[in-house]
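Enquirer: Following this message is one structure expressed as structure tokens.
The values are calculated or read from the model by the stated rules, or taken from the named source; none is laboratory data. Bear in mind the structure is a predicted one, so any value in this text is a computation, not a measurement. Positions of Cβ are generated from backbone atoms using ideal geometry, with glycine treated the same way; all protein chains shown enter the neighbour counts. Side chains are part of the model used for accessible areas, which takes the heavy atoms of the whole protein and leaves out ligands, DNA and RNA. Shrake-Rupley method; radii C 1.70, N 1.55, O 1.52, S 1.80 Å.
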Amino acid sequence: IRPGTNIYNDANMMSGGYCGVDECAVQIECTVVSNAVPGKVVLDAGSKTLTMDRRMISPETAGFGYVVEYPQAKIVRLSEEHGEVDLSQCDRAPKLGERVHVIPNHICPCINLHDRVYLRLPDGELETMPIDARGKIT
């Protein structure tokens, strides 16, 4: 049973063909904090945000999440706080300070790493919801 995955969907479910991008309920908003290396950027989201989980399909080549605005990008390396993104297959690159959205590979531990989520209501407003089960793994 994968109750979190069934509720939210994630990049693993997308890569298996079980859902599309628009069916993934969670996207992590990240900021491009460096573009110093040509063909790469660094995001302000690392293993403490996205987890180190790989995708079930092509785990060695798929990266650590799906960048919605840049589908050909690949998150190739994570430190605790930052993610290195390879843009070599992209026709354009995000700018420094640009916000991008990442669908995590495995949503269950990702949700467990956060204290709250923001729900977008039908009128477009955001509502804060605490993660009551955060850290409750025993």
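Enquirer: So with the 1.4 Å probe, I'd like the accessible area per residue for the chain, rounded to whole Å².
Expert: 60 Å²
Enquirer: With the crude spin-label approximation of a point 7 Å out along Cα→Cβ, what separation in nm comes out for residue 72 versus residue 123?
Expert: Placing both labels 7 Å along Cα→Cβ, they lie 4.2 nm apart.
Enquirer: If we sort 124-133, 20-29 on the protection proxy, mean other Cβ atoms within 10 Å, highest first, what's the order?
Expert: 20-29, 124-133
Enquirer: Select from 119, 50, 96 the residue whose mean-square fluctuation is largest in a Gaussian network model of the chain (Cα-Cα springs shorter than 10 Å).
Expert: Top of the fluctuation ranking is 119.
Enquirer: Expressed as cubic angstrom per residue, what is the convex hull volume of the alpha carbon set of region 1-46?
Expert: 108 Å³
Enquirer: Can I ask one more? Between region 14-37 and region 64-126, what's the alpha-carbon centroid distance in Å?
Expert: For region 14-37 versus region 64-126, the Cα centre distance is 4 Å.
Enquirer: Roughly how big is region 36-138's charge dipole about its Cα centre, with Cβ charges of +1 (Lys, Arg) and -1 (Asp, Glu), in debye to the nearest 20?
Expert: 220 debye
Enquirer: Using θ = phi - 60° and the Karplus form 6.51 cos²θ - 1.76 cosθ + 1.60, what ³J(HN,Hα) does each residue of region 82-88 get, whole Hz, x for Gly and Pro?
Expert: Listing the rounded values in order: 9, x, 8, 10, 8, 9, 4 Hz.
Enquirer: Scan (i) 0.96; (ii) 1.05; (iii) 1.01 for the value of Rg/Rh (Cα atoms, Kirkwood Rh) calculated from this model and give just the label.
Expert: Of the listed options (i) 0.96; (ii) 1.05; (iii) 1.01, (i) comes from this structure.
Enquirer: Please give me the summed charge of the neighbours of residue 29: other residues whose Cβ is under 12 Å from its Cβ, Lys and Arg +1, Asp and Glu -1.
Expert: Counting the neighbours of residue 29, the net charge comes to -1.
Enquirer: At residue 134 and residue 92, where each label point lies 7 Å from the Cα along Cα→Cβ, what is the point-to-point distance in nanometres?
Expert: Result: 3.5 nm between the two label points.
Enquirer: For the chain, which whole-number percentage of the solvent-accessible area (1.4 Å probe, protein heavy atoms only) is attributable to carbon and sulfur atoms?
Expert: Percent of accessible area from carbon and sulfur atoms in the chain: 52.
Enquirer: Excluding residue 47 itself, what net charge comes from residues whose Cβ is under 14 Å from its Cβ, given Lys and Arg +1 and Asp and Glu -1?
Expert: Neighbour charge sum, excluding residue 47 itself: -2.
Enquirer: At a 10 angstrom cut-off on C-beta neighbours, averaged per residue, how do the peptides 84-91, 98-105, 65-72, 33-40 rank from highest to lowest?
Expert: Ranking the peptides 84-91, 98-105, 65-72, 33-40 by packing returns 98-105, 65-72, 84-91, 33-40.
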